[in-house]
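Undergrad: The following block contains the structure, expressed as structure tokens.
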Amino acid sequence: MSSLIAEHMKDVHARMEAACARSGRDPKTVTLIAVSKTKPIEDLKEAYEAGARDFGENKVQEISEKAPEMPSDARFHMIGHLQRNKVKQVLKHAVMIHSVDSVRLAEQIQTEAEKENLHVKVLLEVNVAKEESKFGFMPEEVMDAVNVISKFPNVQICGLMTIAPFVENSEENRPVFKKLYQLSVDIDRKNIDNVTMGVLSMGMTGDYEVAIEEGATLIRVGTGIFGAR
Ligand SMILES: *Cc1c(COP(=O)(O)O)cnc(C)c1O
């Protein structure tokens, strides 16, 4: 008997493959992150059984509680706004921090990573649509931030992340995804040491298919797998 979560995952994977086919992309280049924030550990285990290995959480406390309960090949991604005083703790559990939204935060990551002799993979969060309510660098600030953060030896910039606006029709977010992609291309062209732009974290339950068509390599799907929060 397959669970509802397993059914949902199957559906999401089918849609991912269709979006890849439409845009001529290899499905292996897109990874599904199951956003499990607020959900109980049993749900994460069900998703794991159905093949999920990447999980997204937005609170350090929650990652710290859940990560030790999961099989050792489960990976946790920090996707929420991160306070500087929580950096030390998140480094123990997260494989990537998607939400680096200030140079000060990156500096703190550098400090803690150096102490632990870690190289921390991060994405810079960009507030592409310039929404008041959202964190992230303004698009025109990203290049300067990359230049500064690239000098931090224990912080590895792997790409960009955005949270697109809530919209009725996912097509409305296509320009947002196009813009993040273009920014990553512009940064990549500068060939900065210690910076790669291979990762684009964009697309959620409502708009991940459009995001894939526009170049997403990581999509973050919560409701579409685990149901309403
Ligand atoms: C909650 C959340 C998601 C998942 O949202 P859904 O609409 O439930 O898929 C993705 N990204 C971030 C940063 C989130 O906080």
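Undergrad: Among the aspartates and glutamates, which have Cα under 15 Å from the Cα of K151 when same-chain residues fewer than 8 positions away are ignored?
TA: E107, E114, D193
Undergrad: How far apart, in nm, are two points set 7 Å out from the Cα along the Cα-to-Cβ line at N169 and at A18?
TA: Calculated label separation equals 1.9 nm.
Undergrad: Another question, if that's okay. Excluding R53 itself, what net charge comes from residues whose Cβ is under 10 Å from its Cβ, given Lys and Arg +1 and Asp and Glu -1?
TA: Neighbourhood net charge equals -1.
Undergrad: Of K45/K66; K88/K121; K28/K179; K45/K121; K134/K179, which sit over 19 Å apart, Cα to Cα?
TA: Working: K45/K66 10 Å; K88/K121 14 Å; K28/K179 23 Å; K45/K121 25 Å; K134/K179 17 Å.
Over 19 Å apart, Cα to Cα: K28/K179; K45/K121.
Undergrad: I would also like to ask the following. In whole angstrom, how far apart do the alpha carbon centroids of region 55-86 and region 168-229 sit?
TA: If you average the Cα positions of each part, the centres end up 21 Å apart.
Undergrad: Rank H77, H119 by accessible area, highest first, at a 1.4 Å probe radius?
TA: These residues rank, largest area first, as H119, H77.
Undergrad: Still on this structure: Which value, in Å² rounded to 10, gives the accessible area of H81 with a 1.4 Å probe and all protein chains present?
TA: 80 Å²
Undergrad: Same structure again: Over the alpha-carbon set of region 142-219, work out the extent along each principal axis and list the three values in angstrom, largest first.
TA: 41, 20, 17
Undergrad: So, counting K/R as plus one and D/E as minus one, what does the shell of residues with Cβ under 14 Å around P139 add up to?
TA: Value of the local net charge: -3.
Undergrad: L118 to K130: extension gain in nm, 0.36 nm per residue of separation minus the Cα-Cα distance? If you can, show how the numbers build up before the last one.
TA: Details: separation 12, 0.36 × 12 = 4.32 nm, distance 3.26 nm.
Between L118 and K130, full extension yields an extra 1.1 nm.
Undergrad: Continuing with the same structure: Under the Karplus relation 6.51 cos²θ - 1.76 cosθ + 1.60, θ = phi - 60°, what is the ordered set of whole-Hz ³J(HN,Hα) values for region 176-188, x standing for Gly and Pro?
TA: Result, rounded to whole Hz: 5, 5, 4, 5, 5, 4, 4, 4, 5, 5, 4, 5, 4.
Undergrad: K39: which aspartates and glutamates have alpha carbons under 19 Å from its alpha carbon, excluding same-chain residues fewer than 8 sequence positions away?
TA: Hits, sequence-local ones excluded: E7, E49, D54, E57, E62, E65, E69.
Undergrad: Report, please, the projected area of region 1-114 averaged over directions, based on the convex hull of its C-alpha atoms, in nm².
TA: 8.4 nm²
Undergrad: Which of the aspartates and glutamates could a cross-linker bridge to K130, judged by Cα under 20 Å and excluding same-chain residues fewer than eight apart?
TA: D101, E140, E141, D144, E168, E171, E172, D186, D207, E214
Undergrad: Suppose only helical runs count, i.e. DSSP H with n ≥ 4. What mean residue ellipticity at 222 nm does that imply for the chain under -39500 (n - 2.57) per run, divided by all residues and rounded to the nearest 500 deg cm²/dmol?
TA: Rounded to the nearest 500, it is -11000 deg cm²/dmol.
Undergrad: Also, quick follow-up: Taking the Cβ of T223 as the centre, find all other residues whose Cβ is under 13 Å away and add up their charges (Lys, Arg: +1; Asp, Glu: -1).
TA: Neighbour charge sum, excluding T223 itself: +1.
Undergrad: DSSP loop trypsin sites (Lys or Arg not before Pro) in region 65-116 with at most 12 other Cβ atoms within 10 Å of their Cβ, which ones?
TA: Those that pass, being in a loop and sparsely packed, number zero.
Undergrad: I'd like the carbon and sulfur percentage of the solvent accessible area for the chain, probe radius 1.4 Å, heavy atoms only, ligands and nucleic acids excluded. Intermediate results must be reported in sequence, preceding the final value.
TA: Working: 5550 of 11240 Å².
Here it works out to 49 percent.
Undergrad: Take every Cα-Cα pair in the chain and report what % of them are more than 27 Å apart.
TA: So the portion of pairs separated by more than 27 Å is 31 percent.
The values are calculated or read from the model by the stated rules, or taken from the named source; none is laboratory data. Values in this document were obtained by computation on a predicted structure and should not be read as measured data. Cβ: placed from backbone, ideal geometry, glycine included. Neighbour counts: every protein chain shown. For accessibility, only protein heavy atoms count, side chains too; no ligands or nucleic acids. Shrake-Rupley method; radii C 1.70, N 1.55, O 1.52, S 1.80 Å.
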